[in-house]
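First comes the structure, then the notes that go with it.
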Amino acid sequence: MNLARLQETFIDLFGETPRFFRAPGRINLIGEHTDYNDGFVLPAAIDKQTVVAACPRNDRKVIVHSLNFDQTVEFDLSEAPGKRKKASNPSWQGYVEGTARVLEAEGFKLSGANMLVLSDITLGAGLSSSAALELAIGFALTQISGHSIDKLKLAQIGQRAEHEYAGTRCGIMDQYVSAFGKADHALLLDCRSMTSKSVPIDATASSIVVCESKVGHELAVSEYNKRRAECERAVQILHKFDPDFTSLRDVPVEMFDKLAPHLPEAIRRRVKHVVTENERTREAALALKKGDITKVGELMYSSHKSLKDDYAVSCRELDLLVDIARSIDGTFGARMTGGGFGGCTVNIIEKDLVEYFKQTLGRRYREETGIIPSLHVVNASGGVSEIKDLTERKKTFSLGMRQKRTTLPDGRYLLYYSFDSEKEKGGSSETSHV
Ligand code: GAF
C-alpha cells in the first residue's frame with residue numbers, strides 16, 4: 001500500500017484528510033544488552049518504518065486502526081486507564097495507549113485523535129517495531145495537539161510506556177535511534193549521558209543484510225527482565241568493593257577479572273558479557289569510522305559468542321544463522337540483534353555477493369530447520385518525522401503486512417506473514433514452515 005492509498009483509506013474510515021508521521025525500526029551493529037547498564041550501543045535506524053495517519057477529534061477519544069492486524073483500539077483520555085490489561089485487548093494496545101497516557105502524565109495535554117497505522121517492520125522480529133510504533137504515535141499525537149516535543153523526551157516517553165504498559169524494562173536504545181536516526185550513519189550512543197555521535201556507514205563496498213529467523217519465544221520478555229535484574233544484583237555486589245560502581249558501565253575489564261570470584265556463577269557470566277561488550281562497541285565504532293569493516297565483522301562475531309555463551313540470550317536458530325553466514329564467502333560479520341530468543345541476525349556482506357549470500361543462507365537455513373527465513377538489505381535512515389512532501393506521499397514505500405503466529409508446545413513460536421503488495425502484484429504470499 002502506498003501513502004496515497006493510505007490517505008484514501010483514512011478518508012473512507014474517518015471522513016477527513018490526515019497528516020502523516022513516520023518512525024523507523026532499527027538494527028544494532030553491536031552493543032547488545034548494554035543500554036540498561038548505562039553503556040554503549042551502535043545502532044542504525046533503517047528504511048523500514050511505521051506510518052501513522054492522524055487527525056484531531058473534538059472530544060478526548062483516541063481511535064486507532066491497525067492495517068497490519070486489521071484491529072481497532074479505542075480509549076478515552078478523559079477516563080482513567082484500566083487498572084488491568086484485559087485479555088481481549090489487542091497485543092499492540094499497550095504501546096499505543098501507554099504512549100498517550102505517559103504523554104499526558106508528562107504534561108502534554110492531548111486532543112482526541114483518529115489514527116490509522118501501517119508498518120513494514122516485521123513485528124516481533126527484533127527490529128524494534130514497538131519503539132517505532134511508540135515514536136510514530138507519540139509524535140503524531142503531540143503534533144496534532146499543537147505541542148512541540150524534544151526528541152529525547154519523546155524517546156523517554158516511549159521507553160516509559162514500554163515499562164509501564166507493555167511490561168518490558170527495556171533500555172533507551174530502540175526509542176533513541178528511532179528518534180535520532182541519521183541516513184547513512186550508525187549512532188554511537190552513550191546511554192549514560194544520552195548523547196550520541198554519528199558514525200558514517202560506507203555503503204559502497206558492503207551492505208547490511210537482515211535475516212529474520214521467523215522464530216521467537218514466549219519467554220523473551222520475562223528472560224529480558226531477568227537479565228536486567230541479574231545486572232542490578234551484580235552492581236549491588238560490586239558496589240561493596242568500589243562505591244564508584246553505580247552501574248556495570250563503571251566496571252573496567254581488568255577490574256572485572258579481579259572481582260569475578262566474588263560473583264555467583266550466572267551473574268559473573270552476565271557481567272563478563274556487559275563489560276566486554278562495552279569495549280567491543282567502542283572499538284567497533286572506531287573501526288567503522290576508519291572504514292575497517294573486517295575489524296567490525298570480527299567484533300560482531302565475538303559479540304554473538306558472548307551473547308550466546310555468557311549472556312545466554314541466543315537460540316539454536318540464531319546460532320545456526322550466524323554459523324552459516326560465517327561460512328559464506330563475502331561475509332564480514334554476523335550476529336544476533338535485539339533482545340534475543342529469536343528474531344533476526346544482522347550481517348555485513350560484500351556488496352557484489354549479496355544475492356549469493358541471500359540465496360545460500362536462505363537455502364541452508366531451510367534445509368536445516370524447515371523454515372524459510374526472510375532476508376533483506378537495509379539502509380541507515382533518518383529518525384521520526386512528519387511526512388509533508390506530497391511527492392513522498394505518493395511514493396510507494398510501505399508494504400501492508402499481515403502477521404500470524406503459532407505457538408509450539410515448547411513455548412517457541414513461528415511467524416507467518418503475507419504481504420499485501422505481493423498480492424496486489426499477483427505474487428505469492430510468504431510463509432514459514434516447520
Ligand atoms: C531490546 C530492548 F528494547 C533494548 O533496550 C535493548 O536492551 C536490546 O533489547 C538489547 O540490546 O531491543
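Quick notes on this structure:
- Once the Cα atoms are used to define both axes, helix 316-327 deviates from the longest principal axis of the chain by about 70 degrees.
- Calculated [θ] (222 nm, deg cm²/dmol) that DSSP helices of n ≥ 4 give over the chain, each run adding -39,500 (n - 2.57): -12000 deg cm²/dmol
- Phi angles across segment 279-284 convert, under the Karplus curve 6.51 cos²θ - 1.76 cosθ + 1.60 with θ = phi - 60°, into 3J(HN,Hα) values of 5, 4, 5, 5, 5, 5 Hz, Gly and Pro given as x.
- Along each principal axis, Cα extent of segment 206-378, largest first, Å: 53, 40, 22
- For segment 1-118, alpha-carbon Rg and Dmax in angstrom: 16.5, 47
- Set of aspartates and glutamates with alpha-carbon distance to Lys240 below 15 Å, sequence-local pairs under 8 removed: Glu232, Asp250
- 20 Å cut-off, amide nitrogen to a point 7 angstrom out along Ile11 Cα→Cβ, residues in segment 114-128: 114-118
- Pairs over the 29 Å Cα-Cα cut-off, from the set Lys151/Lys258; Lys48/Lys351; Lys151/Lys388: Lys151/Lys258.
- Stretchable slack from Arg326 to Glu106, in nm (0.36 nm times residue separation minus alpha-carbon distance): 74.5 nm
- Considering only Ser314, Ala287, Cys231, and ranking their Cα positions along the charge dipole of the chain that arises from unit charges at the beta-carbon of Lys, Arg, Asp and Glu, the one farthest toward the positive end is Cys231.
- Efficiency of FRET between Asp70 and Asp242 - r from beta-carbon atoms, R0 60 angstrom, step 0.05: 0.65
- Pairwise label distance in nanometres, Glu79 with Leu152, each label 7 Å out on the Cα-Cβ vector: 3.8 nm
- When you count the other C-beta atoms within 10 angstrom of each residue and take the mean per peptide, 230-239, 300-309 line up highest first as 300-309, 230-239.
- Net charge dipole size for the chain [Lys, Arg +1 and Asp, Glu -1 on Cβ; Debye, nearest 20]: 380 debye
- The aspartates and glutamates whose alpha-carbon is closer than 19 Å to the alpha-carbon of Lys305, local same-chain residues fewer than 8 away aside, are Glu32, Asp35, Glu212, Glu223, Asp257, Glu265, Glu277, Glu279, Glu283, Glu317, Asp319, Asp323.
- Ranked list, fewest to most other Cβ atoms within 10 Å of each Cβ, for Asp292, Asp47, Asp35: Asp292, Asp47, Asp35
- Rel. contact order, % - alpha carbon contacts under 8 angstrom, at least six apart, segment 206-378: 35 percent
- For Ala4 and Lys290, a Förster radius of 25 Å and the Cβ-Cβ distance give a FRET efficiency of 0.05, rounded to the nearest 0.05.
- Angle between the chain longest axis and helix 293-309 axis [Cα atoms, degrees, rounded to 10]: 90 degrees
- Near the amide H of Asp184, within less than 5 Å, lie the amide hydrogens of Ala380, Ser381, all on another chain or at least 5 residues away, with H placed in the peptide plane.
- Angle between the chain longest axis and helix 220-239 axis [Cα atoms, degrees, rounded to 10]: 50 degrees
- Candidates Gly126, Gly330, Gly94, ranked by Gaussian network fluctuation over the chain, Cα under 10 Å, top entry: Gly330
- Packing-based order for 244-255, 272-283, using average beta carbon neighbours within 10 Å, highest first: 272-283, 244-255
- Hull volume per residue, based on the alpha-carbon atoms of segment 120-235 and their convex hull, is 152 Å³.
- Restricted to Cα atoms, the chain shows a radius of gyration and a Dmax of 21.3, 67 angstrom.
- Peptides 316-325, 11-20, 62-71 ranked from most to least packed, by the mean per-residue count of other Cβ atoms within 10 Å: 316-325, 62-71, 11-20.
Bear in mind these aren't lab numbers, they're just calculated from the coordinates by the rules spelled out. Because the structure is predicted, anything quoted here is derived from the model rather than measured. Cβ: placed from backbone, ideal geometry, glycine included. Neighbour counts: every protein chain shown.
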